[in-house]
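Quick notes on the structure that follows.
The values are calculated or read from the model by the stated rules, or taken from the named source; none is laboratory data. Bear in mind the structure is a predicted one, so any value in this text is a computation, not a measurement. A quick note on method: Cβ atoms are made from the backbone with ideal geometry, for glycine too, and the neighbour counts reach across all protein chains shown. Heavy atoms of the whole protein, side chains included, go into the accessibility calculation; ligands, DNA and RNA do not. Shrake-Rupley method; radii C 1.70, N 1.55, O 1.52, S 1.80 Å.
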Amino acid sequence: MKLSVFSECLHAPTPLNLVVVGDNPMVHDLMNAGEQTLRFIVYRQLRNQITQRYFDLLAELERQDLQDVFIDYQREMTVGLLMTELLRHHEERISITDSYFPGKNIRHVNADTQSGMIFTYLVAHNADATLKETACYFGYDKNYFSRLCRRLFNKSFSEQLTFIRIELAKRMLAFSNKRIEQIAAELGYKNNSSFFTAFKREVAITPNDYREQHGYRLAHQHINDN
């Protein structure tokens, strides 16, 4: 398996960033949040040919003389073109669960950024988050915040919190050797029975079966890759 990692820091305002932001209000919100706090967006499902060709071109430019102003210009333009491609159908490509949106000022940002900031908070406080405390953190009355969550996620607050807990459970089952009892406790479940019930309701199989199917596959893949 081949893994390529590209990291790019974008600073506002520059002409390039006008290209990068495009009509994506979430990117616009992140770029205007300041440079003191780390924030990032994770894109997934980047298998289309245009995206891959931009990545390949960036890799080739990285192998060239970085002191060459022409190469540096070409690299900036390629990054801009790559971002415009990522912005196409961005709703399908951005993983809110994996992106990182710290902060609490969600009143004047777009719905995608609001979702990301609430997601980030709930992931960090998944074991003990409550509607009242989360609403208070973001400066809202709990009844209004409950309606906001329903509008953003098409789920109730408790349903969204359960979704996040199960997603975290799936990753721990597949990528770690933590005991299921430990996973349940870390995610805020009072006992194994309530965790098993919630997991099976959401995933349709038990945590043990999920680990056997996905954990084994990952281990087997790791052996083959080495």
Solvent accessible area, Å² - LYS200, 1.4 Å probe, full protein context: 110 Å²
About the Cα centre, charge dipole magnitude for segment 93-226 (Lys/Arg +1, Asp/Glu -1 at Cβ), debye: 340 debye
Three-way shape call for segment 117-167 based on the alpha-carbon gyration tensor, with the a/c threshold at 1.5: oblate
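Can you sort THR78, THR84 by solvent-accessible area, 1.4 Å probe, largest first?
From most accessible down to least: THR84, THR78.
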Accessible area of segment 123-198 divided out per residue, in Å², using a probe of 1.4 angstrom: 56 Å²
Three-way shape call for segment 74-226 based on the alpha-carbon gyration tensor, with the a/c threshold at 1.5: oblate
Net charge of Cβ neighbours under 15 Å - reference GLU133; Lys, Arg +1; Asp, Glu -1: +1
Segment ARG44-ARG150, length gained on full extension (0.36 nm per residue, minus Cα span): 35.6 nm
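Less than 14 Å Cβ to Cβ from ALA185, Lys/Arg counted +1 and Asp/Glu -1: what total charge do the surrounding residues give?
+1
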Inter-probe distance in nm under a simple model that places probes 7 Å from Cα toward Cβ, at ALA204 and ASN110: 3.3 nm
With every protein chain in place, segment 58-199: carbon and sulfur % of accessible area (1.4 Å): 51 percent
